[in-house]
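The values are calculated or read from the model by the stated rules, or taken from the named source; none is laboratory data. No experiment lies behind these values; they were computed from the predicted model shown. Note: ideal-geometry Cβ built from the backbone for every residue, glycine included; neighbour counts use all protein chains shown. Ligands, DNA and RNA are stripped out before the accessible areas are found, and what is left, the full protein with its side chains, is counted by its heavy atoms. Shrake-Rupley method; radii C 1.70, N 1.55, O 1.52, S 1.80 Å.
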Amino acid sequence: MLLSPVGWLYGKIADIRNALYDRGTFRSYSLGAKTVSIGNITTGGTGKTPLVAYVAEILSGEGEKVCILTRGYGRESSGRVLVSDGEQVVVDARTGGDEPVELARKLIGKAIVVADSDRVSAAAWAKEKFGITTFVLDDGFQHRRAKRDLDIVCVDATDPDGGGTVLPAGRLRERFEYLSRADAVVLTRTDLVEGTREIEQRIRRRNSKAPIFISRTKIASITSLKEHLAGRRNDRPLDWSPLRDCGDFTGDNEVRVLAFCALGNPDAFFRQLDGAFEEESMRNEFDLSVIKKFPDHHRYTQSDIDELERAAANVHALLTTVKDAVKLDGLGFEIPCFVVETDIIINDPAGFRDLVISS
């Protein structure tokens with residue numbers, strides 16, 4: 001309750017800012033090339049980063065020279081940082097930010113990644129240096145200074161309105177009604193809720209025209225941390241045998257797992273693992289014995305890993321996310337650590353692809 005007046009003030013500032021852009025008092029600038037924005041209306045953890053990669057892959061597949069522009073939240077550097085030149089990742093997560101480096105590693109050969117809070121200036125630089133033909137704005141919904149041809153907003157089905165309250169009391173960056181600006185809405189993590197009809201109706205009351213796409217994430221591969229950091233993604237059909245091989249037992253005992261992450265919505269990761277372990281084909285093979293949450297964008301130290309392993313008594317393996325893996329390079333593990341890589345699945349991939357290409 002004490003934060004409510006602050007939230008009210010934050011909301012009013014957002015209202016005024018939006019009104020000034022709507023009236024043309026504040027100017028939006030063209031980036032000089034096709035621009036697709038992927039954003040959200042709540043603070044982190046909406047499943048936005050996988051969608052950014054998905055859109056970049058669509059555009060790259062169409063022959064576009066793609067550049068992802070991101071603020072690089074949580075990085076220790078300032079100013080402009082070239083995270084990837086499209087051929088290699090040139091900075092670490094400390095310098096470039098965990099999500100930008102995660103995107104850069106996934107999109108080698110497909111996209112350049114630049115971190116800069118001034119995305120208008122960064123776009124001009126990248127266009128001149130690399131001949132960019134398409135920009136993807138990461139976390140761009142509130143970045144109205146940059147014009148965009150397509151505005152896609154992610155809404156987390158597990159927490160669509162961030163508690164219904166604007167920051168800092170809730171997780172809303174601006175009032176839910178500003179979804180009216182969106183050209184398309186992607187409902188994420190729909191596999192973790194009973195249904196989406198009520199959420200879709202709420203969105204429709206705010207925006208009657210934007211198409212609503214339903215998405216979920218699926219576990220695509222399990223890769224050892226060492227192989228992942230070496231850039232060797234396991235592109236074979238999902239194979240749990242490396243995790244099974246960690247069990248130092250015979251008989252019917254389960255492989256006991258400790259899962260850890262530093263995400264905006266860590267429970268979504270743990271629930272996804274629980275769901276996978278409960279599938280009929282996996283039942284009684286794995287047990288999610290311990291979970292450990294770190295603050296979003298947490299920078300891991302060796303003492304963190306040592307503490308994790310002390311908490312992992314009788315645990316056979318550690319599991320973490322791609323976003324976390326980029327911050328674990330150089331740290332030592334006594335217990336085998338694996339990286340869970342996920343893909344986004346959209347209910348109407350052809351329709352979504354057409355929207356992205358034709359914008």
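I need the per residue convex hull volume for region 180-226, using only the alpha carbons, in cubic angstrom as a whole number.
Values: hull volume 4.7 nm³, N = 47.
Dividing the Cα hull volume of region 180-226 by its residues yields 100 Å³.
Comparing Cys67, Cys154, Cys337 in a Gaussian network model of the chain (Cα springs below 10 Å), the most mobile by mean-square fluctuation is Cys337.
Centre-to-centre separation between the Cα atoms of region 301-341 and those of region 105-165: 30 Å.
Compared with the alpha-carbon gap, the fully stretched path from Arg17 to Asp329 is longer by 108.2 nm at 0.36 nm per residue.
If you count, for each residue, the other Cβ atoms within 10 Å and average over each peptide, how do 339-352, 6-19, 42-55 line up from highest to lowest?
Values: 339-352: 16.9, 6-19: 14.4, 42-55: 24.1.
Ranking, from highest mean packing down: 42-55, 339-352, 6-19.
Report, please, the projected area of the chain averaged over directions, based on the convex hull of its C-alpha atoms, in nm².
Values: hull surface 75.6 nm².
Quarter of the Cα hull surface area: 18.9 nm².
Across region 47-201, C-alpha contacts under 8 Å between residues 6 or more apart give a mean separation that, scaled by the residue count, equals a relative contact order of 22 percent. Extension gain, Ser208 to Arg232: 0.36 nm times the residue separation minus the Cα-Cα distance gives 4.2 nm.
3J(HN,Hα) along region 85-97: 8, x, 10, 7, 7, 10, 9, 8, 5, 5, 8, x, x Hz, from the Karplus curve 6.51 cos²θ - 1.76 cosθ + 1.60 with θ = phi - 60°, whole Hz, x for Gly and Pro. Placing a pseudo-label 7 Å from each Cα along the Cα-to-Cβ vector at Ser303 and Asn284 gives an inter-label distance of 4.4 nm. Would you mind checking the pairs Lys147/Lys218; Lys65/Lys218; Lys65/Lys323; Lys110/Lys292; Lys106/Lys327 and listing those with alpha carbons more than 23 angstrom apart? In this structure, Lys147/Lys218; Lys65/Lys218; Lys65/Lys323; Lys110/Lys292 exceed 23 Å between Cα atoms.
Taking packing as the residue-averaged number of other Cβ atoms within 10 angstrom, the listed peptides 291-299, 220-228, 93-101 run from highest to lowest as 93-101, 220-228, 291-299. Per residue, the chain exposes 46 Å² of accessible surface when a 1.4 Å probe is rolled over the protein heavy atoms with every protein chain present. The fraction of accessible area contributed by carbon and sulfur in region 106-232 is 43 percent, rounded to a whole number (1.4 Å probe; ligands and nucleic acids excluded).
Taking only C-alpha pairs under 8 Å that are 6+ residues apart, what is the relative contact order of the chain in percent? It would help to have the intermediate numbers written out before the result.
On the way: 717 pairs, mean separation 68.3, N = 359.
RCO, the chain: 19 percent.
Dipole of the chain, Cα-centred, from +1 at each Lys and Arg C-beta and -1 at each Asp and Glu C-beta, to the nearest 20 debye? Before the final figure, lay out each step's value.
Numbers: 49 positive and 55 negative charges, 396 e Å.
Using Cβ point charges on Lys, Arg, Asp and Glu, the chain gives about 1900 debye.
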